[in-house]
Ligand code: CA2
C-alpha cells in the first residue's frame with residue numbers, strides 16, 4: 001500500500017464551473033473521487049489537498065516528506081512562476097509527477113515553461129482528468145520498480 005498526495009493549486013477549485021472549453025466540465029470533486037477510486041485499484045491510499053495559496057502548497061509538500069510515497073501535482077499557474085515550489089519539491093525528496101488538464105505546450109508561450117518539470121519524475125498534460133489517472137499509474141510503476149530494486 002502506498003500513500004499518494006494529489007495536490008492542486010490556484011483556481012482549480014473552479015473546475016467545471018467556468019471555461020469548460022479549456023478545462024472540461026469535470027469538477028474538482030469528480031477529479032478527487034476519480035483519483036481515490038483509481039488509487040484503490042492500484043493499492044494506493046490517495047489524500048487530496050487544494051489551495052489557492054503558494055505557502056500552503058509548500059507546507060503540504062514539506063509535510064509529505066516521510067509521510068507520502070508520491071505526489072501528483074497540478075500547480076496551476078504557479079507551474080510557470082514558482083521557484084519556491086520547485087525548491088520545496090527538491091527538498092522534500094518525494095517522487096512527484098506533474099500534471100495538467102490542458103496541453104500547456106499547445107497554449108500561450110508563457111505556459112510552455114514549467115519550473116516543476118525540472119524536479120518531477122515526468123510531466124503528463126493534455127488529457128483532462130485522465131492526466132491524473134495516468135500520473136497515478138506512473139507513480140505505481142515507479143514505486144514498484146523502486147521496491148523491486
Ligand atoms: O491545464 C492545467 O491543468 C493548468 O495547470 C491549469 C491552470 C493554468 O494556469 C495552467 O497553465 C494549466 C489554471 C487553472 C484554472 O482553472 C480554472 C478552471 C475553471 C475555471 C477557471 C479556472
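Quick note: the coordinates plus some simple rules give every number you see, no bench work behind them. These numbers come from a predicted model, not from an experiment. Cβ coordinates were reconstructed from backbone atoms using ideal geometry, including for glycine residues, and neighbour counts include every protein chain displayed.
So here's what we get for this one:
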{"item": "Relative compactness, segment 1-85, computed as alpha-carbon Rg over 2.2 N^0.38 Å", "result": "1.11"}
{"item": "Helical mean residue ellipticity (222 nm; -39500 (n - 2.57) per DSSP H run of 4+; nearest 500) of the chain", "result": "-12000 deg cm²/dmol"}
{"item": "Sequence ranges 9-22, 40-53, 89-102, ranked by mean other-Cβ count within 10 angstrom, highest first", "result": "89-102, 40-53, 9-22"}
{"item": "Two-decimal Rg/Rh across segment 67-144, once Rg and the Kirkwood Rh are taken from alpha-carbon atoms", "result": "0.96"}
{"item": "FRET efficiency, residue 11 to residue 145 (Cβ-Cβ, R0 30 Å, nearest 0.05)", "result": "0.30"}
{"item": "Within the chain, percent of DSSP bridges classed antiparallel, to nearest 5", "result": "0"}
{"item": "Mean shadow area of the chain, taken as a quarter of the surface of its Cα convex hull (nm²)", "result": "8.0"}
{"item": "Quotient of C-alpha Rg and 2.2 N^0.38 Å, computed over segment 84-125", "result": "1.19"}
{"item": "Full-stretch length increase - residue 52, residue 65 - with 0.36 nm per residue and alpha-carbon distance subtracted", "result": "2.6 nm"}
